[in-house]
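Notes follow the structure.
The values are calculated or read from the model by the stated rules, or taken from the named source; none is laboratory data. This is a predicted model, so every value here is computed, not measured. Note that each Cβ is placed from the backbone with ideal geometry, even for glycine, and that neighbours are counted across all protein chains shown.
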Amino acid sequence: MRLTALAAGAIMTIASVTAQEKAEIAVSYDVQEWSFWQEKMVPRKMTLLASPTSAKYFNEITLWHDSLLSVPGGGEQLNEILFKGLTIGADGSITVGESVPLRTVYTYVFTDANKEALTVYDGWTLTGDTFYTYDEPAGEQTWEIVSDSIGEVLGYQCVLAETDYHGRHWKAWFAPEIPVPFGPWKFRGLPGLILKAESEGGFRYEATGIGATERLMTPMYTNVYEQHEKADRKKMLETYEYEMNHIVELQEAMFGTGRADRDRDGNEVPVPTYDGFKSNPETDYKKK
């Protein structure tokens with residue numbers, strides 16, 4: 001469905017009771033990111049809800065998971081759903097069925113074109129529960145539009161733009177036909193929806209579907225189990241890399257046993273080294 005009805009001067013639609021803005025478009029993205037555990041690029045599915053003034057970027061399973069935990073009895077309901085898909089072997093090993101809706105992504109990005117910052121929520125659980133949030137100045141992306149470089153994504157004519165952002169050089173293709181100044185992840189600030197972005201090392205975001213919607217861009221769900229603490233972006237990236245490279249020791253200290261991968265013969269396989277230059281789309285926290 002083409003979105004020519006999105007006018008540049010479109011007015012925000014506000015839900016009367018909850019004051020939550022309705023999105024006007026929903027975009028699905030395939031994301032290629034480096035997997036520390038698998039030591040290769042792996043795909044993720046992400047969603048962008050956007051209007052001409054606001055955007056919310058997230059994973060659908062994570063949103064479902066977090067919305068359940070935000071209501072009374074939701075935790076019990078979630079556990080029941082998850083346990084139904086688990087198989088426990090005679091040796092105590094646990095097999096997770098492919099249909100189990102496991103949350104593997106913790107990232108949310110909320111962007112408002114009228115504000116001077118975007119807000120990120122993220123976290124990890126491999127070494128204990130760490131959930132954090134931070135605001136990031138909107139002016140950290142400065143784009144150079146390459147007007148004579150045109151491509152096509154999902155049938156839309158897209159213009160190339162480039163930026164250096166948090167340690168990597170990015171190329172992005174935006175569709176002037178869709179006057180929404182957002183895109184996947186933290187990308188923003190171009191005169192059209194960003195449908196594709198890529199950087200060296202194989203990092204890639206590409207739209208696979210787009211359509212009109214009236215979904216509410218609900219704010220971040222809160223629950224008693226997971227509290228997002230205000231944090232410094234670079235400090236959290238440093239902490240994550242440290243914990244990934246000391247995961248066995250940290251898990252042994254916390255749980256009495258650490259993660260040990262094994263090959264087909266049962267031999268322990270060393271945990272791979274986490275290197276932010278390879279594994280993280282943001283590398284400016286690294287000391288070169």
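Results, tabulated for the structure shown:
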| quantity | calculated |
| --- | --- |
| TYR106, sole failed condition from (1) in a loop (DSSP other than H, G, I, E, B); (2) exposed (fewer than 15 other Cβ atoms within 10 Å of the Cβ); (3) touching a residue at least 40 places away in the same chain (Cβ under 8 Å) | (2) |
| Residues of the stretch 207-256 satisfying the condition of being under 22 Å from VAL31 (Cα atoms) and touching a helix residue (DSSP H, G or I) at 6+ places or on another chain (Cβ under 6 Å) | GLU241 |
| Residue match in the stretch 74-91 (condition: at pLDDT 90 or above and in contact with a strand residue (DSSP E or B) (Cβ under 7 Å, 6 or more places away or on another chain)) | no |
| Condition broken by ARG44, with the remaining ones in (1) modelled with pLDDT under 95; (2) loosely packed, with under 14 Cβ neighbours inside 10 Å satisfied | (2) |
| Complete set of residues in the stretch 1-32 that are modelled with pLDDT of 85 or more and buried (at least 18 other Cβ atoms within 10 Å of the Cβ) | GLU21, ALA23, GLU24, ILE25, VAL27, TYR29, VAL31 |
| Hits in the stretch 170-183 - residues which are part of a strand (DSSP E or B), touching a residue at least 24 places away in the same chain (Cβ under 8 Å) and aliphatic (A, V, I, L, M) | ALA172 |
| Qualifying residue in the stretch 197-218 (condition: in a loop (DSSP other than H, G, I, E, B) and among the acidic types (Asp, Glu)) | yes |
| All positions within the stretch 141-169 that are more than 21 Å from LYS186 (Cβ to Cβ) and not in a loop (DSSP other than H, G, I, E, B) | SER147, ASP148, SER149, ILE150, GLY151, GLU152, TYR156, GLN157 |
| Residues of the stretch 47-69 satisfying the condition of being out of contact with any strand residue (DSSP E or B) (no Cβ under 7 Å at 6 or more places or on another chain) and either surrounded by fewer than 17 Cβ atoms within 10 Å (Cβ to Cβ) or of a type in the set (A, V, I, L, M, F, W, C) (or both) | ILE61, LEU63, TRP64, SER67, LEU68, LEU69 |
| Count of residues meeting criterion [out of contact with any Gly (no Cβ under 6 Å at 6 or more places or on another chain) and buried (at least 16 other Cβ atoms within 10 Å of the Cβ)] in the stretch 113-131 | 9 |
| Some residue of the stretch 81-88 being surrounded by fewer than 11 Cβ atoms within 10 Å (Cβ to Cβ) and polar (S, T, N, Q) | yes |
| Residue check, THR119 part of a helix (DSSP H, G or I) and at pLDDT 90 or above | no |
